[in-house]
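> Here it is, the structure in full.
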Amino acid sequence: MGSHYDPVSMFPLHREREQPIFSARAHVFQIDPATKRNWIPASKHAVTVSFFYDANRNVYRIISVGGTKAIINSTISPNMSFTKTSQKFGQWADSRANTVYGLGFATEQQLHQFSERFNEVKDGARLAREKSQEKMEMNNPGLSIAAPQDLCDELQSPPVMCANGPEDKLFRSQSADITLNSEKERIKKMLSEGSICEMNLETELFTLQDSNAKLVAALHEANANVEQWKKQLVAYQDETERLRDQVADLEAHGGHGPSDMLKDELTQSLEELEALLKAKDEEICILQAKKSDFHEMEQEREEAIHRIQELEMRNVELERRVQGAEQSLANSLEERDRIESEVHRVVEILDVKIFDLNDLRQSLVKLIDK
C-alpha cells in the first residue's frame with residue numbers, strides 16, 4: 001500500500017509546538033503563476049492534508065507533505081475563504097504564498113467536512129484577532145493596565161475547538177487587510193474567467209491523477225504480496241528438500257525404515273507441495289504481468305497529459321483565428337455598406353442624367369417638327 005506521510009514526524013521542530021486538528025486525503029493543485037488560469041498538479045497522487053495548531057505562535061496552518069518537501073504550508077487568516085467549485089473540488093487563495101491552492105477529494109462528503117473545518121478555523125482566527133486587539137489595548141498605558149500574571153495566563157492558555165472557536169494572534173494593520181481583500185477579489189475574478197474547455201481539461205487531468213493513484217496503490221499491494229509469497233515459496237522449497245531427504249533415507253535403509261504406507265504418505269505430501277509451488281510460480285508471473293500493465297497505463301497517462309496540452313494550444317489558436325474572422329467580417333460589412341451607399345449615389349446621378357437626356361430628346365423632336 002502507499003506510504004503515509006506525517007508532517008509532524010518529518011519536521012521534529014513542529015512536534016512540540018504544533019498539534020494536529022483534522023486530516024483528509026486529497027489531490028493537491030496550485031494555480032499556474034504564468035497564466036493565473038490553469039491548475040498545476042502539486043502531487044502525483046492523493047496526499048494527507050492536515051490542519052495544525054502552533055501553540056507558541058498561536059496560529060493555525062494547513063500543511064501537506066509530498067515526498068520530502070511541503071507542498072502546502074498556508075497560515076489561516078480571517079480573510080481567507082474556501083470556495084467549492086464543483087462537487088469534489090475546492091480552492092482558497094493565500095496572498096502570503098502568492099498562489100491559489102486547489103484540493104480534489106474522492107467524495108463530496110470529504111469536501112464538505114474539509115470546508116466546515118476550514119470555516120471553523122477561520123471564524124476562530126477572526127475571534128482571536130479581536131481578542132488580540134483587546135489584549136493590545138489592555139497593554140497600552142494610555143488605556144488601562146492589566147495584571148501581568150493574568151495576561152500571562154491568557155497567553156499560555158491552549159485553544160479549544162468549541163462553540164467559542166479557537167484563539168489566534170494576528171498582527172496585521174487595517175491597510176494590510178484591505179490589500180488582502182482586494183487581492184482575494186482579484187484572484188476570484190481571475191479564476192471565474194476560465195473557459196468551459198479548460199474546466200473540462202482540468203477534470204480529465206484530475207481523473208487521470210486519481211486513476212494513477214489507484215494503480216500505484218495496487219502495485220504496492222501486489223509487490224507486498226509478491227514478497228510474502230516469495231518467503232512462503234522458500235519455506236515450501238525447504239520443506240520439499242527435507243521430505244526428499246527423508247524419502248532418500250527411507251529408500252537407502254530399505255526394510256529398516258517405516259512401512260510402505262508411510263512412504264506413500266510422504267510421496268503424496270511431496271507431490272502436493274510441488275503442485276502448490278507451481279501454483280505460486282503462476283501467481284508470481286501474473287503479478288509481474290500486472291506490473292508491466294501498470295507501466296503501460298503510466299505511458300498512456302503521459303500521452304493523455306500531452307494531448308491535453310496540445311488541446312490547450314489548439315484552443316488558443318482557434319480563439320485567435322475566431323477573433324481574426326470576426327474582425328474580417330466586420331471589415332467586410334463596413335465595405336459592403338460603403339459600396340451600397342456609393343451605388344445609391346450613382347443611381348441617383350444616372351436618374352438625373354436620364355431625365356436630362358429625355359428633356360433633350362423632346363427638345364430635338366420639337367425642333368425637327370418645326
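> Working carefully through the options Glu342, Glu310, find the one that is closer than 30 Å to Arg37 by Cα and modelled with pLDDT of 90 or more.
Selected residue: Glu310, the only one of Glu342, Glu310 that is closer than 30 Å to Arg37 by Cα and modelled with pLDDT of 90 or more.
> Can you go through Leu262, Leu191, Leu219, Leu208 and tell me which one is surrounded by 11 or more Cβ atoms within 10 Å (Cβ to Cβ), modelled with pLDDT of 80 or more and not charged (D, E, K, R)?
Result of the check over Leu262, Leu191, Leu219, Leu208: Leu219.
> Scan the range 297-322 and report the pairs whose first residue is surrounded by 12 or more Cβ atoms within 10 Å (Cβ to Cβ) and whose second residue is in a helix (DSSP H, G or I) and charged (D, E, K, R), with Cβ atoms within less than 7 Å and a gap of 6+ or a chain change.
Matching pairs, first to second residue: Ile308/Glu204.
> Take the residues in the range 222-238 that are surrounded by 15 or more Cβ atoms within 10 Å (Cβ to Cβ) and either farther than 30 Å from Gln299 by Cβ or modelled with pLDDT under 80 (or both); name whichever of them is farthest from the chain's Cα centre (by Cα).
Residue satisfying both the conditions and the ranking: Tyr236.
> So which residues in the range 271-305 are hydroxyl-bearing (Ser, Thr, Tyr) and touching a Ser or Thr at 6+ places or on another chain (Cβ under 8 Å)?
none
> Find the residue count for the range 265-286, including only residues that are at pLDDT 85 or above, open to solvent by less than 50 Å² (accessible area, probe 1.4 Å) and either hydrophobic (A, V, I, L, M, F, W, C) or farther than 23 Å from Arg242 by Cβ (or both).
Residues that pass the stated criteria total 5.
Results for (1) in a strand (DSSP E or B); (2) farther than 28 Å from Ala218 by Cβ, shown as yes or no for each residue.
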position	(1), (2)
Ser50	yes, no
Tyr53	yes, yes
Ser64	yes, no
Met80	no, yes
Ala106	no, no
Leu127	no, yes
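> Quick one: is Gln362 within 30 Å of Ala235 (Cβ to Cβ), without any contact (Cβ under 8 Å) to a residue 40 or more places away in the chain and out of contact with any Cys (no Cβ under 8 Å at 6 or more places or on another chain)?
When the stated conditions are applied, Gln362 does not pass them.
> If you don't mind, there's one more thing I want to ask. How about the range 68-79: which of its residues are in contact (Cβ under 8 Å) with a residue 40 or more places away in the chain and open to solvent by 10 Å² or more (accessible area, probe 1.4 Å)?
If the condition is that a residue be in contact (Cβ under 8 Å) with a residue 40 or more places away in the chain and open to solvent by 10 Å² or more (accessible area, probe 1.4 Å), then Thr68, Ala70, Ile71, Pro78, Asn79 are the ones that fit.
> How do the pairs read when you match residues in the range 266-287 that are in contact (Cβ under 8 Å) with a residue 40 or more places away in the chain and closer than 17 Å to Asn223 by Cα with residues anywhere that are among the hydrophobic types (A, V, I, L, M, F, W, C) and part of a helix (DSSP H, G or I), using Cβ under 6 Å and keeping only pairs 6 or more apart or on different chains?
Lys280/Trp229; Lys280/Leu233; Leu287/Ala222; Leu287/Val226
> Right, here's the next one. Take the range 99-124 and flag every residue that is surrounded by fewer than 18 Cβ atoms within 10 Å (Cβ to Cβ), in contact (Cβ under 8 Å) with a residue 24 or more places away in the chain and more than 23 Å from Val59 (Cα to Cα).
Ala106, Gln110
> Restricting to the range 81-98, what's the tally of residues that are at pLDDT below 90 and either within 15 Å of Gln113 (Cα to Cα) or surrounded by 20 or more Cβ atoms within 10 Å (Cβ to Cβ) (or both)?
Qualifying residue count for the region: 0.
The values are calculated or read from the model by the stated rules, or taken from the named source; none is laboratory data. No experiment lies behind these values; they were computed from the predicted model shown. Here Cβ is always computed from backbone atoms with ideal geometry, including for glycine, and neighbour counts include all displayed protein chains. SASA here: full protein model, heavy atoms, side chains in, ligands and nucleic acids out. Shrake-Rupley method; radii C 1.70, N 1.55, O 1.52, S 1.80 Å.
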